[in-house]
Amino acid sequence: MPLFDNIPRVAMQVSRDVVVASIQVDLDDEVLNRFREDLLGRVHETGSRAVILDVSGVDTMDCDEFAALRSIISMITIMGSQSVLVGLQPGVVSALIEMDVDVAGLQTAIDLDAAFELIQMTPAVEPEAEADGLPEVDSDVGQVEIAEAGEAAIPDAGRLFGDES
Amino acid sequence: MSAELRRKISSEMDLRRVVLESTRYSQEAGFDEAPSRMIATAVSELGRNILKYAGSGEFLLRHVKRPSGRGIEMQVSDHGPGINDTEQAMQDNFSSGGTLGLGLPGVKRLMDEFTLESSPGKGTRITARKWI
């Protein structure tokens, strides 16, 4: 993809049926756009049941960056996969809460081990049903997940695309 | 202690740099980890507004003193379209761009003092202070 040639990539690996994305770079618009494409592509390819977003390398996150991250999480949810945000720094958390951002429905964990544990506790989504990329509307698990995140998911996704026009 | 930090913001790259420099500046001024990140986040919010609404603007960060202690002051100004209704812009969830709003109430909460001056067609200046 020549369009993305000089844009830093977010490192990703698949481990135990989970995509682990480690965000160690600043989240500007271009990085986020590329990350979104990479991540959704990876989840689609691998049919992973969960995504762990490691943000321990992010020092500051403003409202726009947080909203962009949230919209990526919403997209993952709609694909039928689960997301866990890991390693939010104290300063980032203080700032986000002071700014009163919407954190409802976000799954977070203190570190990678805790994130894997959290994922183990949630019933698995059938991987073969996911491989076609369609939302998991037939399975009970998929339905519950979409219902939980649905309220936040839809306006967020629309907003991200609206921003780019 | 370093002198004032004065920068022009006209690109995402400038903004990134100013956010990093503000974090370092606040830490050198004596702020702990969390408050210095809060200051940097406020800088990021205000700088992003400049890029979104005015295209470019000026940023200034400096040390301030008062009888009860020390702190820092940021001044962010632009010659953009200005804000028609400053009172409304200070309400949560208000947005003129149909997106996420200006984030000004959030910035006000991140800082201790906050002043917004704006005249439509001329520009906007925001001054905010945080005390140690």
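The values are calculated or read from the model by the stated rules, or taken from the named source; none is laboratory data. Keep in mind the model is a prediction, meaning the values are calculated, not measured. Neighbour counts run over all protein chains shown; Cβ positions are idealised from the backbone, glycine included. To get the accessible areas, we keep the full protein, side chains included, count just its heavy atoms, and leave off ligands, DNA and RNA. Shrake-Rupley method; radii C 1.70, N 1.55, O 1.52, S 1.80 Å.
At A:ILE7 and A:GLN24, where each label point lies 7 Å from the Cα along Cα→Cβ, what is the point-to-point distance in nanometres?
2.0
Quick one: length gained pulling A:ARG42 to A:ARG16 fully straight, 0.36 nm per residue minus the C-alpha distance? Write out the running numbers ahead of the final one.
On the way: separation 26, 0.36 × 26 = 9.36 nm, distance 1.42 nm.
Between A:ARG42 and A:ARG16, full extension yields 7.9 nm more.
Would you mind checking which residues have amide H under 5 Å from A:GLY80's amide H? H placed 1.01 Å from N; only 5 or more apart, or other chain.
Residues meeting the amide H criterion: A:GLU136.
Of B:LEU60, B:GLN91, B:GLY80, which is farthest along the charge dipole of region B:5-131 in the positive direction, counting Lys and Arg as +1 and Asp and Glu as -1 at C-beta?
Of B:LEU60, B:GLN91, B:GLY80, it is B:LEU60.
Quote the relative contact order of chain B in percent (integer), defining contacts as alpha-carbon pairs under 8 Å separated by 6+ residues. List each step's numbers first, then the result.
On the way: 249 pairs, mean separation 32.8, N = 132.
Rounded, it is 25 percent for chain B.
Considering every residue in A:55-62, what mean count of other chain Cβ atoms within 10 Å of its Cβ is obtained? Intermediate values should be presented prior to the final figure.
On the way: counts 0, 0, 0, 0, 8, 14, 4, 15.
Shielding by partners across A:55-62 averages 5.
Modelling each spin label as a point 7 Å along the Cα-to-Cβ direction, I'd like the B:GLN27/B:GLU4 distance in nm, to one decimal.
Between B:GLN27 and B:GLU4, the simple spin-label model gives 2.5 nm.
To the nearest 0.05, what FRET efficiency results for B:SER119 and B:ARG17 with a Förster distance of 25 Å applied to their C-beta separation? Mind showing how you got there, number by number?
On the way: r = 29 Å, r/R0 = 1.16.
E between B:SER119 and B:ARG17, to the nearest 0.05, is 0.30.
Taking H placed 1.01 Å from N in the peptide plane, check which residues at least 5 places from A:VAL25 or on another chain put their amide H under 5 Å from its amide H.
Distant-sequence amide H within range of A:VAL25: zero hits.
From the C-alpha gyration tensor of region A:17-110, pull out the three semi-axes of the equivalent ellipsoid (sqrt of 5λ each), sorted largest to smallest, in whole Å. Spell out each step's value before the answer.
Values: eigenvalues 90, 38, 30 Å².
They are 21, 14, 12 Å, listed largest first.
Can you pull the mean other chain C-beta count within 10 Å for peptide A:98-104?
Numbers: counts 9, 12, 6, 3, 0, 0, 0.
So the per-residue partner count for this stretch is 4.
Which whole-Hz couplings ³J(HN,Hα) result when phi for each residue of region A:105-121 is put into the Karplus expression 6.51 cos²θ - 1.76 cosθ + 1.60, θ = phi - 60°, listed in order with x for Gly and Pro?
With coefficients 6.51, -1.76 and 1.60, one gets x, 6, 9, 10, 9, 6, 8, 4, 4, 5, 5, 4, 4, 4, 5, 4, 6 Hz.
Ranked from the most accessible area to the least, with a 1.4 Å probe and all protein chains present, what is the order of A:ARG9, A:ARG42? Before the final figure, lay out the partial values.
On the way: A:ARG9 135, A:ARG42 75 Å².
Putting A:ARG9, A:ARG42 in descending order of accessible area: A:ARG9, A:ARG42.
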